[in-house]
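The numbers here are math on the coordinates, done by the rules we state, and not lab data. Given the structure is predicted, the values throughout are model-derived calculations rather than measurements. Cβ: placed from backbone, ideal geometry, glycine included. Neighbour counts: every protein chain shown.
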Amino acid sequence: MPVISIGNLVKTFGAIRALDGLDLRVEQGEVHGFLGPNGSGKSTTIRILLGLLHRDSGDARVLDADPWRDAVRLHRRLAYVPGDVNLWPNLTGGEAIDLLGKLRGGLDRRRRDELLQRFDLDPTRRCRTYSKGNRQKVAIVAAFASTVELYVLDEPTSGLDPLMEAVFQDEVRRVKQAGATVLLSSHVLAEVEALCDRVSIIREGRTVESGTLAELRHLTRTAVTVETARPVTGLDTLPGVHDVHEVDGRTHLEVDPAHLDALLGQLIRFGVRALTSTPPTLEQLFLRHYGDDPTAGASAPAASDAGAPQAGAR
Amino acid sequence: MRALTGTALLARLVLRRDRIRLAIWVLGTPLLGYALAGSVAGIYPDQAARQGYATTSASSLVARAFNGPIAGTDLGAVVVAETYVTLALIVALLSTFAVTRHTRQNEETGRAELLGASVVGRYAPLTAALLVIVAANVLAAGLLALALVGAGLPPAGSLAAAAAIGGVGVAFTAIAAVTAQLSVTSRGANALAAAAVGLSFVLRAAGDVLGEQSADGTRVQSAWPSWISPLGWGNQVRAFGGERWWVLALPVALLLAGVALAYALAERRDLGAGLIAPRRGPASGAPQLLSPAGLAWRMQRGTLLGWAVGVAVLGFSMGIAGDEFNAMIDQNPAAAEAINAMGGGANLLDAYLAAMLGLFALTIGAYVVQALLRVRGDETDGVLEAALATAVSRTRWLGTQVLAAALGAVALLLLAGVTTGLGYGLVTDDPLGQAVELGGAALLRLPALLVVAGVVTTLFGLLPRWSVVLSWTALLVFLLLGQLGAVLKLPQAALNVSPYTHVPSVPAVDPAALPLVVLTAVAAALLAAGVAGFRRRDVPS
């Protein structure tokens, strides 16, 4: 039973179609990265999962309940860090943490104090005097001081420094170890790489990719540079090989991972002297999906051969 | 002057952001002045009536405290006595809030940082805000002068009276320019400036109470405290009573001094910093805070306390004035007639007390609107989202806010009735009896306030984006129907729109249960509609 399952979700604001048939599946116990360019519908999806927004059509289940109808019951079992943390300006940080915790159904005092210390947050200051990063820390401490089954984190670290980022990652690992599920919307690729078991990439209100990072890497070509004794021929006819060009006696090309083996078989006949193969970086992966042209997000045809990744609705 | 680079551009930004507020201010004040002058002229049409009014005003300490020193028996002098304090307070607060909005609030929200990093001089934001706000005051005063002339008053006096009010706005513009440098938060800056307005009011009231009545009994010579109050300066111009134009130099001098001080402070401090450091608070939440009700109380208590002080002072003064009202009735039947139209009933004194309680109920309506609209403020600030993501239902959240506002209204109504009764009882030797009777009479107005709460809740639930504007509009309509409906002889169907129309005007008439039950039922229906709408809609929307 998945913790979050969304199917063909649609939400419109007037003429704007914020979500346009979105799919998302988050399994029990995983840290799921929720990625997409600004304005792609991440926060809207999260607000629907929290029962704050009403969906126009499609299915949405959280912890096997309806997020709109069973909102209150559900909220006892989850903790939320909003993307843009706003607090009661005349309460202190400590008061805001305790209030949010209490309204959610209670928090672990010992953990609360420990988190305050780890995040280096002064709880006696009024919320109106906090910087963005400190307001985020208040919401993070309030969330992680609660023992819940699901943590919904909407760009929680966008204002944190690297030191605090590390503390945050520790906390995510801790709750994961305790068996909780985490939905993490983020733009920090290092964070996603370090924490997420699986990721979903959305764009313009639709899911464009979903899978483990390894699976997603499979969707992207590997860059190969090879130096051979004799000029290489016959590459044009090999399936899955792209962008072949020669510079200073070296051949540069890109290849779909599924056809790497066939390519090596061909190259070896020309006397390989040097060969480098670079797997795609996460940045390249995301840039492909975040870029201007939506069709650029479509992976190479070989992707379907690779089998494992389940590509979402295009 | 590199420190002023970009001022013109920023001034245009201020104009653009506030085009509607400024238009309402600049056009609204003259219109209000015109309407008030017209109605006063109707109540005191002849020399005899004005002679009576001036004598009473000059001898009554309460009238001196609330209306200022009367400057003679001219129609204009009566108009000034009746309207100056109201208009001056409005202009003072409008100027204050406008200055803070365009200075400290920009720093608080980080907008100033964005602007400061562009080609903008250090003094440019403050200067731009002050230029626009002083210009608005001058323009509003000019139009007000025309409006007063249009209402049939002599030109010289009209100009002096309008300039006096404009001068108050300019003076508090200067004060707010300084408080915006002192406090880190815009709330704090506004609170400091509003405290300055309050202090000015008290100083002026004290100076006028301590002043001397002239030999002919129709004028008051204020004592020195009025001269150190910017609100008092306007009175000392003595419009329509032998104008002293030189007094208008005082607000101008204060403006120059205030701007110089604000520049000096701005020069010495960092962007975003202030001279008054924000206080620290408790590191953890007290148990009584940690619930929707506890939070609502915490958010409301400061506002409620302010209201309570204002209501108590006003109620007590109105009560004491009841005795003087007796004297006034004898001298001015027309004024008595006006009170009677508001309060209703046969006994004029009861009519007076009923009219005062009715006024309190209308005013406390503003508290209810303000208290309930906090929910909308929380929604636009994003706080509501965080709260509703916890295990608190929407019904409970909104219900708690409504309950808090209703309880606040009960407390304020009771306080208004009891203090009026105490004041009136003191001069008639029955403080306890009157306190109980008027306290009870005041509480009978509660159903009307519940309808106000219902209207705000319905708007919040069904038309959230319009709820702020429409809620205040509704209250304003109720206020105008209540105050001007009878004078303007509007049809009963129009008057019936206001819930206040249906409240039995106790103690002038006997209490009746049916209207109260119907009002409460209407309020319940409106509240239910609001909650139902809120449960169905998107948050935030």
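In deg cm²/dmol and to the nearest 500, what is the mean residue ellipticity at 222 nm of the protein assembly as shown if only DSSP H runs of at least 4 residues count, each as -39500 (n - 2.57), divided by the residue total? Walk me through the numbers before you get to the answer.
On the way: 33 runs with 502 residues, N = 855.
-19500 deg cm²/dmol, from helical runs alone.
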### Query
Averaged over peptide A:97-109, how many Cβ atoms belonging to another chain are found within 10 Å of each residue's Cβ?
5
### Message
Just to be sure I understand the curve: with the Debye formula and one point per C-alpha of chain B, what is log10 I(q)/I(0) at q = 0.06, 0.13 Å⁻¹?
### Response
-0.32, -1.46
### Task
Report P(r) for the protein assembly as shown: all Cα-Cα distances, bin width 10 Å, range 0 to the bin holding the largest distance, values in whole percent.
2, 11, 17, 19, 17, 13, 9, 6, 3, 2, 1, 0, 0
### Task
Give the span of region A:119-181's Cα atoms along each principal axis, as three whole-Å numbers ordered largest to smallest.
36, 22, 19
## Note on the structure
Percent of all alpha-carbon pairs of region B:376-449 at distances over 13 Å, whole number, is 71 percent
### Query
For the modelled label position 7 Å from the Cα of residue A:274 along Cα-to-Cβ, which residues of region A:205-233 have backbone nitrogen atoms closer than 12 Å?
A:225-228
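Evaluate the charge dipole of region B:30-131 about its Cα centre and quote only its size in Debye, nearest 20, assuming +1 on the Cβ of each Lys and Arg and -1 on the Cβ of each Asp and Glu.
Numbers: 6 positive and 6 negative charges, 38 e Å.
Approximately 180 debye in magnitude.
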### Query
Taking each full run of DSSP H in chain A as one helix, which ones are at least 15 Å long along their axis (Cα atoms) and have mean Kyte-Doolittle hydropathy of at least 1.0?
none
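Where in chain B are the DSSP H helices whose C-alpha atoms run 30 Å or more along the long axis and whose mean Kyte hydropathy is at least 0.5?
Numbers: long enough: B:19-43 (36 Å, 1.29); B:75-102 (39 Å, 1.57); B:124-150 (38 Å, 2.27); B:155-182 (41 Å, 1.53); B:186-209 (34 Å, 0.93); B:292-331 (54 Å, 0.53); B:348-381 (49 Å, 0.92); B:394-428 (50 Å, 1.18); B:513-536 (35 Å, 1.70).
Length and hydropathy pass: B:19-43, B:75-102, B:124-150, B:155-182, B:186-209, B:292-331, B:348-381, B:394-428, B:513-536.
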### Query
Taking a quarter of the surface of the convex hull around the Cα atoms of region A:85-148, what do you get in nm²?
3.7 nm²
### Summary
Per the charge dipole of the protein assembly as shown (beta-carbon charges, Lys/Arg positive, Asp/Glu negative, Cα centre), the residue among B:184, B:426, B:519 reaching farthest to the positive end is B:184
### Query
Expressed in whole Å with the largest first, what are the equivalent ellipsoid semi-axes of region B:2-268 derived from the C-alpha gyration tensor as the square root of 5 times each eigenvalue?
36, 19, 14
### Query
Which one of B:160, B:264, B:210 is farthest out on the positive end of the charge dipole of region B:2-268, using unit charges on Cβ (Lys, Arg +1; Asp, Glu -1) and the Cα centre as origin?
B:264
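If you wrap a convex hull around the Cα atoms of region B:1-102, how much volume per residue is inside, in Å³?
Taking the convex hull of the Cα positions in region B:1-102, it is 127 Å³ per residue.
Based on alpha-carbon atoms only, what is the radius of gyration of region A:179-228 relative to the globular estimate 2.2 N^0.38 Å?
1.48
Going from the alpha-carbon gyration tensor of chain A, what semi-axes, largest first and in whole Å, does one get by taking the root of 5 times each eigenvalue? Can you show the working numbers first?
Numbers: eigenvalues 382, 100, 52 Å².
After scaling each eigenvalue by five and taking roots: 44, 22, 16 Å.
Work out the mean other chain Cβ neighbour count within 10 Å for the residues of A:80-92 and drop it here as an integer. Show your work: numbers first, answer last.
On the way: counts 5, 2, 5, 1, 3, 4, 8, 4, 8, 6, 6, 7, 7.
What the average comes to for A:80-92 is 5.
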### Span from the region A:222-293 Cα centroid across to the region B:430-481 one, whole angstrom
76 Å
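Of all DSSP beta bridges located in chain A, what percent are antiparallel, nearest 5? Write down the numbers at each step before the final one.
On the way: 38 of 55 bridges.
Antiparallel bridges: around 70 percent, rounded to the nearest 5.
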### Query
About its Cα centre, how strong a charge dipole does region A:221-278 have in debye, to the nearest 20, once Lys and Arg get +1 and Asp and Glu get -1 at the Cβ?
220 debye
## Note on the structure
For region A:221-278, inverting the pair-averaged 1/r of distinct alpha-carbon atoms gives a Kirkwood value in Å of 11.1 Å
### Summary
Cα extents of region A:1-101 per principal axis, largest first, Å, are 41, 34, 26
### Selected from B:54, B:30, B:14, residue furthest toward positive end of dipole (region B:1-114; charges at beta carbon)
B:14
### Query
When we measure straight from the Cα of residue A:102, which lysines land under 18 angstrom away, once same-chain ones fewer than 8 places off are left out?
A:137
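What dipole magnitude, in Debye to the nearest 20, does the protein assembly as shown give about its Cα centre under +1 on Lys/Arg Cβ and -1 on Asp/Glu Cβ?
Details: 71 positive and 69 negative charges, 74 e Å.
The calculation lands at about 360 debye.
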### Query
For peptide B:290-302, how many partner chain Cβ atoms fall within 10 Å of a residue's Cβ, on average?
2
